[in-house]
Amino acid sequence: MSVLVTGFEPFGGASMNPSSAAMSTMDGVHTVELPCTFGGSIPALRAAIDRYQPELVVCAGLAGGRAGLSVERVAINVDDARIPDNAGTQPVDEPVVPDGPAAYFSSLPIKACVAALRDAGIPAAVSQTAGTFVCNHVFYGLAHLIATEFPAVRGGFVHVPYAPEQVTDGSAPSMSVSDIARGLRIVVDTALSSTVDIAVSGGAEQ
């Protein structure tokens with residue numbers, strides 16, 4: 001089964017992005033580094049889907065400050081950038097897809113993925129928000145492509161923590177690139193083996 005895993009180039013002045021560093025070490029899957037730009041990321045993702053014809057797509061991005069892998073539940077149709085992207089673009093309250101639905105749910109078995117990650121000793125949780133920066137933009141774009149052009153594809157988004165070398169002062173949680181890569185592999189393997197999610201609590205009070 002063909003699998004595509006994507007990460008992002010560094011952004012915000014950082015020298016590395018652990019989502020891209022991790023996926024570059026994964027064997028047996030197609031990998032693509034997406035530009036961290038609102039204008040270029042979805043076209044690059046679509047080109048990768050056209051090229052590799054995957055049955056499963058797992059996109060990953062950095063969520064600095066989170067302590068574990070965050071398997072995202074929902075993408076929303078809004079770009080609202082706190083900082084400019086790598087092209088200097090900073091949309092405010094703009095739709096990802098004009099006239100698109102308000103939101104899309106992941107088609108990954110998100111709770112089964114979290115359970116498998118925790119069983120492997122990797123901190124993980126279901127996340128109820130992918131933000132409103134380029135990560136959510138790509139997640140929504142992926143879901144819209146699946147809904148409108150690639151109905152045989154399943155896919156979703158995983159946020160990863162900082163790598164240790166990004167927080168040498170210990171001011172935020174971090175995870176080794178090797179553990180992030182291992183976690184992304186677990187997400188891929190779980191999604192390949194499970195098309196129906198498990199019924200366990202994965203909600204949040206806030």
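The values are calculated or read from the model by the stated rules, or taken from the named source; none is laboratory data. All values derive from a computational prediction rather than experimental measurement. Ideal geometry is used to build each Cβ from the backbone, glycine not excepted, and the neighbour counts take in all protein chains shown. Accessible surface areas use protein heavy atoms only, side chains included; no ligands, DNA or RNA. Shrake-Rupley method; radii C 1.70, N 1.55, O 1.52, S 1.80 Å.
Annotations
This table checks each residue for (1) open to solvent by less than 40 Å² (accessible area, probe 1.4 Å); (2) in contact with a Gly (Cβ under 7 Å, 6 or more places away or on another chain); (3) acidic (Asp, Glu); (4) within 14 Å of Ala120 (Cβ to Cβ).
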{"position": "Glu165", "(1), (2), (3), (4)": "no, no, yes, no"}
{"position": "Ile180", "(1), (2), (3), (4)": "yes, no, no, yes"}
{"position": "Gly183", "(1), (2), (3), (4)": "yes, no, no, yes"}
{"position": "Val187", "(1), (2), (3), (4)": "yes, no, no, yes"}
{"position": "Leu192", "(1), (2), (3), (4)": "no, no, no, no"}
{"position": "Thr195", "(1), (2), (3), (4)": "no, no, no, no"}
{"position": "Ile198", "(1), (2), (3), (4)": "no, no, no, no"}
{"position": "Glu205", "(1), (2), (3), (4)": "no, no, yes, no"}
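- Unmet requirement for Ser176, which otherwise passes all of (1) open to solvent by 60 Å² or more (accessible area, probe 1.4 Å); (2) over 23 Å from Tyr104 (Cβ atoms); (3) free of Cβ contacts under 8 Å to residues at least 24 places away in the same chain: (1)
- Matching residues, the stretch 65-81, being farther than 23 Å from Ser171 by Cβ and either of a type in the set (Lys, Arg) or in a strand (DSSP E or B) (or both): Val71, Glu72, Arg73, Val74, Ala75, Ile76, Asp79
- Within the stretch 82-119, restricting attention to residues that are touching a Lys or Arg at 6+ places or on another chain (Cβ under 7 Å) and assigned to a loop (DSSP other than H, G, I, E, B), the residue that is surrounded by the fewest Cβ atoms within 10 Å (Cβ to Cβ) is Ser107.
- Test: residue in the stretch 152-160 that is within 20 Å of Pro173 (Cβ to Cβ), in contact with a Cys (Cβ under 6 Å, 6 or more places away or on another chain) and modelled with pLDDT of 95 or more: yes
- Of the residues making up the stretch 5-30, just one is crowded, with 20+ Cβ neighbours inside 10 Å, without any contact (Cβ under 8 Å) to a residue 60 or more places away in the chain and in a strand (DSSP E or B), namely Gly7.
- Only listed residue being among the charged types (D, E, K, R), within 12 Å of the chain's Cα centre (by Cα) and open to solvent by 20 Å² or more (accessible area, probe 1.4 Å), chosen from Arg46, Arg73: Arg73
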